[in-house]
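Remarks on the structure that follows.
The values are calculated or read from the model by the stated rules, or taken from the named source; none is laboratory data. Quantities reported herein were computed from a predicted structural model and do not represent experimental measurements. As a convention, Cβ positions derive from the backbone with ideal geometry for all residues, glycine included, and neighbour counts pool all protein chains shown.
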Amino acid sequence: MRFISTRGQVDPVSFTEAVAIGLAPDGGLFLPESLPDISPRLAAWKNLSYAELCREFLALYATDVPTDVLERLIHRSYATFTHPDIAPLRKIDDRLYVLELFHGPTLAFKDFALQLLGNLYGWQCEQNGRSINVLGATSGDTGAAAIHGLLGKPRTAIFILYPDGRVSPLQERQMTCTGAANVHAIAIDGSFDDAQHLLKDIFANKTFAAQHQLSAVNSINIARVLAQSVYYLYAWLRLPESDRLNVEFVVPTGNFGNVFAGWLLQQMGVPIMGFKVATNRNDILHRLFTTAEYRSGPVHPSLAPSMDIQVASNFERFLYYALDENPTRVCAVMAQIKTTGAYRFDLLNKAVFSSSSATDEEITNIIRRVHERYRYIVDPHTACAFKDLNPQRVSIVLATAHPAKFPDAIQAATGQVPTAPALEELKSRPIIKHRLPAEAAAIKEFITKRAV
Ligand SMILES: *Cc1c(COP(=O)(O)O)cnc(C)c1O
């Protein structure tokens, strides 16, 4: 299988090349050259374990990774999860299921992709004898998941910049209490925007980036999307036959990465009825699916901070298919979005996508209501997905984070303080963080000293 860029200006590359490069050199995002029809295989895949299913599915795409290697990397990636089903599907009501995606090492769904990506990077370094220094800026979840993907891997180091005092205490502990020598959590004296600007400055210095084999943590790696398609497939296969043809996945959404992974699976022949895009008050995607206009706006802080996003970086992948797989049209539309901040679709497939947007007040009320009705606690991101469930459909709500990551919001809504052993254990470990000024020179000096 070869991978093409949404902007069509680069030659197709292999899976491992697409993973190593991340963003295509023409500024586009990688996608598989074609999507195999997996419908004839579904019956045979029904009883596979999560790791087995993942191997069968990824083998269709990672065709240049030897099968025994792929199998080993997948097993290693999901051995870090604490639930035997990896992604347990819980039925909580007659037409309502929750797919729990928070049993990985950082208790959020990003572990599904970043554990695998970390192992793929580690294998590539082993293969080519080179090393890699991963650099990223985070406001919380992504940084923690990326760190845990690379923890202790030979020939790799990871440097994560975050705004000192502005990530939650638990998120900070997830980044700073790992005890791993190749993890460097850098608390900068500034905001998340400052951290992102520093990152841009550092990558803009091409000599420095090349000298230290710097690579960016980003949400757009194609391996992340494909790794996420697997849990949609796993959940669908676990449904009773009677529910399968009427199911809608309800997905708490920020960058459109998670829900796109599900939609892509549908394009491979899995008969999923629909997807509901659940946003918080940052409603760019809700507006898109109700008005057919994509228009970015200012970001507002909310109780579901990992969805405080007003540009959806994976959206370009969807656009590619919506524009009949025509890269010239993708380039034109992306240019238009860049200059005007907006694009209006002539035709948007409303039969497949629906959407909702929840305010902070609604999030709190939903957490309380779900707890009262089902004795089940959802985190603030997952709560957004419970707004306006479609009574005509069987809904599978994707639970993207463990409630114990957001104890204050849960306590305010239910009076209870949820806990998780992984988080309790962190509290007894020393915090190792490096406080640095928000200056590129200081960060570069730090990286130079510790890069592998
Ligand atoms: C990252 C994140 C999201 C948003 O996922 P996207 O792929 O950006 O749509 C939702 N919930 C949680 C808990 C997250 O960490």
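Structure values in brief
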read-out	value
Among (1) within 16 Å of the ligand (Cβ to nearest atom); (2) of a type in the set (A, V, I, L, M, F, W, C); (3) under 18 Å from THR290 (Cα atoms) - the single one ALA342 does not satisfy	(1)
Whichever residue in segment 379-396 is within 15 Å of the ligand (Cβ to nearest atom) and in a loop (DSSP other than H, G, I, E, B) and, among such residues, is farthest from ARG95 (Cα to Cα)	ASP379
Residues that are assigned to a helix (DSSP H, G or I) and not small (Gly, Ala, Ser), drawn from segment 25-61	PRO40, ARG41, LEU42, TRP45, TYR50, GLU52, LEU53, CYS54, ARG55, GLU56, PHE57, LEU58
Neighbours by Cβ (under 7 Å, 6+ apart or cross-chain): first from segment 134-145, over 17 Å from ARG450 (Cβ atoms); second near the ligand (Cβ under 8 Å from one of its atoms) and of a type in the set (A, V, I, L, M, F, W, C)	ASP141/ALA108; ALA145/ALA108
Verdict on VAL299 being out of contact with any strand residue (DSSP E or B) (no Cβ under 9 Å at 6 or more places or on another chain) and at pLDDT below 90	yes
Checking ASN133 against (1) within 16 Å of the ligand (Cβ to nearest atom); (2) touching a Ser or Thr at 6+ places or on another chain (Cβ under 8 Å), the condition it does not meet	(1)
Search result, residues across segment 147-172 that are modelled with pLDDT of 95 or more, within 16 Å of the ligand (Cβ to nearest atom) and under 21 Å from LEU436 (Cα atoms)	ILE147, ILE160
Among the candidates SER191, SER168, residue that is over 30 Å from SER14 (Cβ atoms), of a type in the set (Ser, Thr, Tyr), surrounded by fewer than 20 Cβ atoms within 10 Å (Cβ to Cβ) and in contact (Cβ under 8 Å) with a residue 40 or more places away in the chain	SER168
Matching residues, segment 397-449, being without any contact (Cβ under 8 Å) to a residue 12 or more places away in the chain and within 16 Å of the ligand (Cβ to nearest atom)	ASP408
Subset of segment 260-281 (residues that are of a type in the set (S, T, N, Q) and either without any contact (Cβ under 8 Å) to a residue 40 or more places away in the chain or closer than 20 Å to ALA223 by Cα (or both))	GLN266, GLN267
Helices (runs of 4 or more DSSP H) fully within segment 96-199 counting 2 or more residues that are among the aromatic types (Phe, Trp, Tyr)	110-128
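Residues are listed down the side, and each one gets a yes or a no for (1) among the aliphatic types (A, V, I, L, M); (2) surrounded by fewer than 19 Cβ atoms within 10 Å (Cβ to Cβ):
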position	(1), (2)
PHE386	no, no
SER395	no, no
LEU398	yes, no
GLN416	no, yes
LYS427	no, yes
